[in-house]
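Asker: My structure is below; once you've seen it, I'll send some questions.
The values are calculated or read from the model by the stated rules, or taken from the named source; none is laboratory data. None of the values given here were measured: they were computed from a predicted structure. Cβ atoms come from the backbone with ideal geometry, glycine included; neighbour counts cover every protein chain shown.
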Ligand code: SAH
Ligand code: SF4
Ligand code: F3S
């Protein structure tokens, strides 16, 4: 384990080991020497900032980047006026890319003020050759660029970039490797994401993720359980199991395991209070999973079940491999079996060939399922995906109109759903002091609804019973109900 390693005892005069993660520990030791030279020269240690774009997977990857930076001796900061700034990028929709380009100009200005500053880019956007071409041509101030498949080599790449003048680029097309036991610096002490699998094999026709994250690979159950046990020993009470399609977890392991079986094992971990997971593809959601959720005391009452479209014709074009009816039947079954569950979703408006009638089908599903929350996206053309080559792209005015109608409807159903629990007492995990009113803390119910209540920082990380007094649209104002033993 990395936290048992004395990095100063690693002999960096020797050749680097071939095996991972020992090789990365060696390069961390080498980088530590570089950092201590920086500290001596400047009279202070260097500061590092990791900025994350995109999904929970990227957020987790960023925690790993920060873990390595801290082992090396960098001091974390949220300010991008730092000595090392890395952007962990997303490319799922074009606006994610534009945000990165927009902010790089700012970083260049910081670098002009601080010539010691180093800038790195990694993540999904870097897996696209056109992006790399553009960066090479117009963003020559960047020091290091790597992709999603070699992120475990961050320490080695950082060392190489210290030794290199100008831009160092290392992008791999694919990997089948999963490297365990690298350092992680968690953002929250009491909750954590955990990768259970990497990549995606589904090739939804609009989506770039399979191209930039590679083929689906599941971690061994024992590695996942070991990681969660360690997190729990370190104060974590809630875990979020992460994968692009958790329902296909374990199918490709030498000894296949189902996601439901994994959940049963996670449930047994003592001290762990809550289990969440993300994302469930409707086509692979099993009876066994519904059964396990129903019986579980720890799995949260929340299921994120992306619909994408309510039109069977469009779903087929999207390569989602379910029909409107199959989706509706699944959602109904889940609501029937687990009545207090919240169902949330993702919906895309403006997929090529989508007609106003197709949109009506989507609105119909929203009305019937009554989502507790929905993320709505305008279709974004991603080069290299099958949908990008489809001819009948929808005119922007039609997309905008459909998007606004959908948004209005999902907000209505979400309001209704959230308001259902008014007056009840439910457990909330307190996550932070309220940003706009320091006399309040913010907690999350099992069904993912947010509640604000009077309290202070001492409640953070605790699960407390809360009376849900006033519903304000998407959140509650409540108060903590203490029993004789105090909170908890
Ligand atoms: N693996 C997850 C989704 C990951 S991407 C799943 O299958 O549900 C998150 C969401 O981004 C998707 O659910 C989809 O709604 C949206 N998305 C993906 N590609 C998109 C595109 N090209 N344009 C607009 N939205 C997109
Ligand atoms: Fe993209 Fe589909 Fe894979 Fe989700 S399941 S990441 S939407 S290809
Ligand atoms: Fe974006 Fe990559 Fe996640 S493209 S949504 S950061 S997997």
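Asker: Any idea how many residues of region 369-384 are over 17 Å from residue 449 (Cα atoms) and away from ligand 3 (no atom under 16 Å from the Cβ)?
Answerer: We begin by selecting, within region 369-384, every residue over 17 Å from residue 449 (Cα atoms); these are 369, 376-384.
Within this subset, residues satisfying the condition of being away from ligand 3 (no atom under 16 Å from the Cβ) are 369.
Here the count works out to 1.
Asker: Of the residues 224, 194, 228, which is in contact (Cβ under 8 Å) with a residue 24 or more places away in the chain and either part of a strand (DSSP E or B) or within 18 Å of residue 91 (Cβ to Cβ) (or both)?
Answerer: 194
Asker: Okay, next question. Quick one: which residue in 165, 180, 156, 185 is closer than 28 Å to residue 284 by Cβ and more than 16 Å from ligand 3 (Cβ to nearest atom)?
Answerer: Step by step, each of 165, 180, 156, 185 is checked, and only 180 is closer than 28 Å to residue 284 by Cβ and more than 16 Å from ligand 3 (Cβ to nearest atom).
Asker: Looking only at region 301-334, which residues are within 16 Å of ligand 3 (Cβ to nearest atom) and under 17 Å from residue 357 (Cα atoms)?
Answerer: Of all residues in region 301-334, those within 16 Å of ligand 3 (Cβ to nearest atom) come to 304, 306, 308.
Hit for region 301-334 is 308, nothing else.
Asker: Do we have any residue at all in region 312-322 that's without any contact (Cβ under 8 Å) to a residue 60 or more places away in the chain and over 20 Å from residue 205 (Cβ atoms)?
Answerer: Checked region 312-322: no residue is without any contact (Cβ under 8 Å) to a residue 60 or more places away in the chain and over 20 Å from residue 205 (Cβ atoms).
Asker: Please go through region 71-104 and give me each residue that is away from ligand 2 (no atom under 16 Å from the Cβ), over 16 Å from residue 145 (Cα atoms) and touching a helix residue (DSSP H, G or I) at 6+ places or on another chain (Cβ under 7 Å), ordered by number.
Answerer: 71, 72, 73, 74, 76, 80, 81 - these are the residues of region 71-104 that are away from ligand 2 (no atom under 16 Å from the Cβ), over 16 Å from residue 145 (Cα atoms) and touching a helix residue (DSSP H, G or I) at 6+ places or on another chain (Cβ under 7 Å).
Asker: While we're here: Just wondering, is there one or more residues in region 347-369 that are assigned to a strand (DSSP E or B) and loosely packed, with under 15 Cβ neighbours inside 10 Å?
Answerer: no
Asker: A further question follows. Return the pair list, or none, for Cβ contacts closer than 7 Å from residues in region 367-389 that are farther than 12 Å from residue 345 by Cβ to residues that are assigned to a strand (DSSP E or B) and within 15 Å of ligand 3 (Cβ to nearest atom), at least 6 apart or on different chains.
Answerer: 379/348
Asker: Let me ask something else about it. Need the failing condition index for residue 170 against (1) under 23 Å from residue 26 (Cα atoms); (2) within 16 Å of ligand 2 (Cβ to nearest atom), just the number.
Answerer: (2)
Asker: Here is a check on your reading of the model: is residue 257 modelled with pLDDT of 95 or more and crowded, with 20+ Cβ neighbours inside 10 Å?
Answerer: no
Residue by residue, here is whether (1) within 16 Å of ligand 1 (Cβ to nearest atom); (2) at pLDDT below 95; (3) in contact with a helix residue (DSSP H, G or I) (Cβ under 8 Å, 6 or more places away or on another chain) holds:
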position	(1), (2), (3)
333	no, no, yes
346	yes, no, no
349	yes, no, yes
355	no, no, no
359	yes, no, yes
369	yes, no, yes
374	yes, no, yes
380	yes, no, yes
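Asker: Separate question: Given the conditions (1) over 17 Å from the mean Cα position of the chain (by Cα); (2) surrounded by fewer than 22 Cβ atoms within 10 Å (Cβ to Cβ), which single one is not true for residue 191?
Answerer: The failed condition is (1).
Asker: Within region 224-231, identify whether any single residue is surrounded by fewer than 17 Cβ atoms within 10 Å (Cβ to Cβ), in contact with a strand residue (DSSP E or B) (Cβ under 7 Å, 6 or more places away or on another chain), within 22 Å of residue 152 (Cβ to Cβ) and at pLDDT 95 or above, and answer yes or no.
Answerer: Scanning region 224-231 turns up no residue that is surrounded by fewer than 17 Cβ atoms within 10 Å (Cβ to Cβ), in contact with a strand residue (DSSP E or B) (Cβ under 7 Å, 6 or more places away or on another chain), within 22 Å of residue 152 (Cβ to Cβ) and at pLDDT 95 or above.
Asker: With respect to the numbered conditions (1) surrounded by fewer than 21 Cβ atoms within 10 Å (Cβ to Cβ); (2) in contact (Cβ under 8 Å) with a residue 60 or more places away in the chain, which one is the sole condition not fulfilled by residue 73?
Answerer: Result: residue 73 passes all but (2).
Asker: Which of the residues spanning region 336-346 are without any contact (Cβ under 8 Å) to a residue 12 or more places away in the chain and either assigned to a helix (DSSP H, G or I) or within 13 Å of ligand 2 (Cβ to nearest atom) (or both)?
Answerer: Matches in region 336-346: 336 only.
Asker: When only residues in region 1-19 that are within 26 Å of the chain's Cα centre (by Cα) and assigned to a helix (DSSP H, G or I) count, which is surrounded by the most Cβ atoms within 10 Å (Cβ to Cβ)?
Answerer: Selected residue: 2.
Asker: Right, here's the next one. Can you find a residue in region 205-221 that is closer than 21 Å to residue 187 by Cα, within 16 Å of ligand 3 (Cβ to nearest atom) and either without any contact (Cβ under 8 Å) to a residue 60 or more places away in the chain or in contact with a helix residue (DSSP H, G or I) (Cβ under 8 Å, 6 or more places away or on another chain) (or both)?
Answerer: No: region 205-221 contains no residue that is closer than 21 Å to residue 187 by Cα, within 16 Å of ligand 3 (Cβ to nearest atom) and either without any contact (Cβ under 8 Å) to a residue 60 or more places away in the chain or in contact with a helix residue (DSSP H, G or I) (Cβ under 8 Å, 6 or more places away or on another chain) (or both).
Asker: Among the residues of region 56-70, are any at negative phi, out of contact with any helix residue (DSSP H, G or I) (no Cβ under 9 Å at 6 or more places or on another chain), part of a loop (DSSP other than H, G, I, E, B) and surrounded by fewer than 18 Cβ atoms within 10 Å (Cβ to Cβ)? Walk me through how you get there before you give the answer.
Answerer: Going through region 56-70, the residues at negative phi turn out to be 56-70.
Right, trim to out of contact with any helix residue (DSSP H, G or I) (no Cβ under 9 Å at 6 or more places or on another chain) and you get 56, 59-60, 62-63, 66, 70.
From what's left, part of a loop (DSSP other than H, G, I, E, B): none.
Scanning region 56-70, I find no residue that is at negative phi, out of contact with any helix residue (DSSP H, G or I) (no Cβ under 9 Å at 6 or more places or on another chain), part of a loop (DSSP other than H, G, I, E, B) and surrounded by fewer than 18 Cβ atoms within 10 Å (Cβ to Cβ), so the answer is no.
Asker: Separate question: Condition (residue is assigned to a helix (DSSP H, G or I) and either touching a helix residue (DSSP H, G or I) at 6+ places or on another chain (Cβ under 6 Å) or more than 15 Å from ligand 1 (Cβ to nearest atom) (or both)) applied to region 318-325: is it met by at least one residue?
Answerer: yes
Asker: Of the residues that make up region 20-27, is at least one under 30 Å from residue 199 (Cα atoms) and not in a helix (DSSP H, G or I)? Steps first, answer last, please.
Answerer: So in region 20-27, the residues under 30 Å from residue 199 (Cα atoms) come out as 20-27.
Then keep just the ones that are not in a helix (DSSP H, G or I); that gives 20-21.
The answer is yes; a qualifying residue exists.
Asker: From the set of residues in region 389-414 that are surrounded by fewer than 16 Cβ atoms within 10 Å (Cβ to Cβ) and within 25 Å of the chain's Cα centre (by Cα), which is farthest from residue 357 (Cα to Cα)?
Answerer: 411
Asker: Kindly indicate whether any position in region 293-303 is buried (at least 20 other Cβ atoms within 10 Å of the Cβ), part of a loop (DSSP other than H, G, I, E, B), modelled with pLDDT of 95 or more and within 16 Å of ligand 1 (Cβ to nearest atom).
Answerer: Checked region 293-303: no residue is buried (at least 20 other Cβ atoms within 10 Å of the Cβ), part of a loop (DSSP other than H, G, I, E, B), modelled with pLDDT of 95 or more and within 16 Å of ligand 1 (Cβ to nearest atom).
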